[in-house]
Amino acid sequence: RRDEFRASSSLTFGTYGWLDPPVSLAFDIPYEVQWARTYVGVWGGTPRYTGWVGLEVNNGSVTKTDLFGKDDKSENVYVTGYGVYWVAYDTTSQVKTGHNTLIATTSKNDPNNKLDGRIYAVVTVVVVKDPRGGSSRYWIAEGNENLHGEGWSGTTPTKHDEATVTFPVAGITGISSSNLTVVYLASARGQPDYLLLNIQDIGNTLTDKKK
């Protein structure tokens, strides 16, 4: 996904933590909204469990998305690993200038539900009209890579322990600033992870004692 807006800038807001639903995200937008997209990460438990995830924006109606595990074919649902979901919503018409509140929930507490339903993250990317002028160009690599070591890919003994994204920046001049945001949903206990930009390590090595 690649777009360019004149006289604009982009903002990113998020709530993170592997939490029981509902999970809220609140933020303020200073200028007119040109484009917005919201993502919700959900832990399913196994690829066999099914359920749903819902998103409410600014007290509007809840938009529910069914989660079908290994049988999921929804265009806005990226499911990988052992039931790790990354669900995308177009929220351009719902997010507004001023204060915004988003609430994500799942089928976790429904009767007979088996989906784990805990939420990894709620993230919103917003492009706003900036009265200071200039332009903003952004790229969003939208997906859900299943990174794993040997022995974690069923009958295939190989490993897939890195994901690479290429951004075509030819022809761009006069850059005053740049920002990179990466969302990493789940890891293995005690495993260090790395983020590199043009071969340079730009992230901190983190060891999460949780999942």
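The values are calculated or read from the model by the stated rules, or taken from the named source; none is laboratory data. Just so you know, these numbers come straight off a predicted model, no measurement behind them. Cβ placement follows ideal geometry from the backbone for every residue including glycine, while neighbour counts extend to all protein chains displayed. Heads up: the accessible areas ignore ligands, DNA and RNA and are worked out on the full protein's heavy atoms, side chains in. Shrake-Rupley method; radii C 1.70, N 1.55, O 1.52, S 1.80 Å.
Once you have a ≥ b ≥ c as the square roots of the Cα gyration tensor eigenvalues for region 1-131, tell me rounded if a/c is under 1.5, and otherwise prolate or oblate according to whether a/b is larger than b/c.
prolate
May I ask you to evaluate 6.51 cos²θ - 1.76 cosθ + 1.60, the Karplus curve with θ = phi - 60°, for each residue of region 30-39 and list the ³J(HN,Hα) values in order in whole Hz, giving x for glycine and proline?
Using θ = phi - 60°, the values come out as x, 10, 4, 7, 9, 6, 8, 9, 10, 10 Hz.
Run the accessible area of region 12-126 with a 1.4 Å probe and give the carbon-and-sulfur part as a rounded percent.
47
Please identify the GluC sites (Glu not before Pro) of region 77-173 that satisfy two criteria: DSSP loop assignment and at most 13 other Cβ atoms within 10 Å. Which are they?
Of the GluC sites (Glu not before Pro), the ones in loops of region 77-173 whose Cβ has at most 13 other Cβ atoms within 10 Å are 142, 150, 162.
With a cut-off of 8 Å between alpha carbons and a minimum separation of six or more residues, what is the relative contact order of region 83-188 in percent?
Here the relative contact order equals 17 percent.
Nearest 5 is fine: what % of DSSP beta bridges in region 29-135 come out antiparallel, could you say?
100
Does region 80-170 classify as rounded, prolate or oblate by the C-alpha gyration tensor (a ≥ b ≥ c root eigenvalues; a/c under 1.5 gives rounded; else a/b over b/c gives prolate, otherwise oblate)?
It comes out oblate by the Cα gyration axes.
Just read off the accessible area of residue 176 with the full protein assembly in place, 1.4 Å probe, to the nearest 10 Å².
Roll a 1.4 Å probe over it and residue 176 shows about 120 Å².
How much area per residue is accessible in the chain when the probe is 1.4 Å and only protein heavy atoms are counted (Å²)?
With all protein chains present, the chain gives 62 Å² per residue.
For region 1-73, report the translational diffusion coefficient in µm²/s to the nearest whole number, using Stokes-Einstein at 10 °C, 1.306 mPa s, and a Kirkwood Rh over Cα pairs.
It comes out at roughly 104 µm²/s.
Under the rule of at least 5 residues apart or a separate chain, name every residue whose amide H is placed under 5 Å from the amide H of residue 195.
Counting only residues 5 or more places away or on other chains, the set is 202, 203.
Using Cα springs under 10 Å in a Gaussian network model of the chain, which residue among 189, 137, 118 shows the largest mean-square fluctuation?
189
Residue 64: net charge of surrounding residues, Cβ under 13 Å, Lys/Arg +1, Asp/Glu -1, itself excluded?
Charge balance near residue 64 sits at -3.
Can you work out the Karplus-derived ³J(HN,Hα) for every residue in region 112-120? Use 6.51 cos²θ - 1.76 cosθ + 1.60 with θ = phi - 60°, whole Hz, and x for glycine or proline.
Per-residue couplings from phi come out as 6, 6, 10, 4, 4, x, 6, 10, 6 Hz.
Which residues' amide hydrogens lie under 5 Å from the amide hydrogen of residue 34, considering only partners 5 or more residues apart or on another chain, with H built in the peptide plane?
127, 128, 129
Which whole-number percent is the relative contact order of the chain (Cα, under 8 Å, 6+ apart)?
So the answer I get is 29 percent.
Suppose R0 equals 22 Å. What FRET efficiency, 1/(1 + (r/R0)^6) with r the Cβ-Cβ distance, do residue 71 and residue 142 give to the nearest 0.05?
My answer for the efficiency is 0.55.
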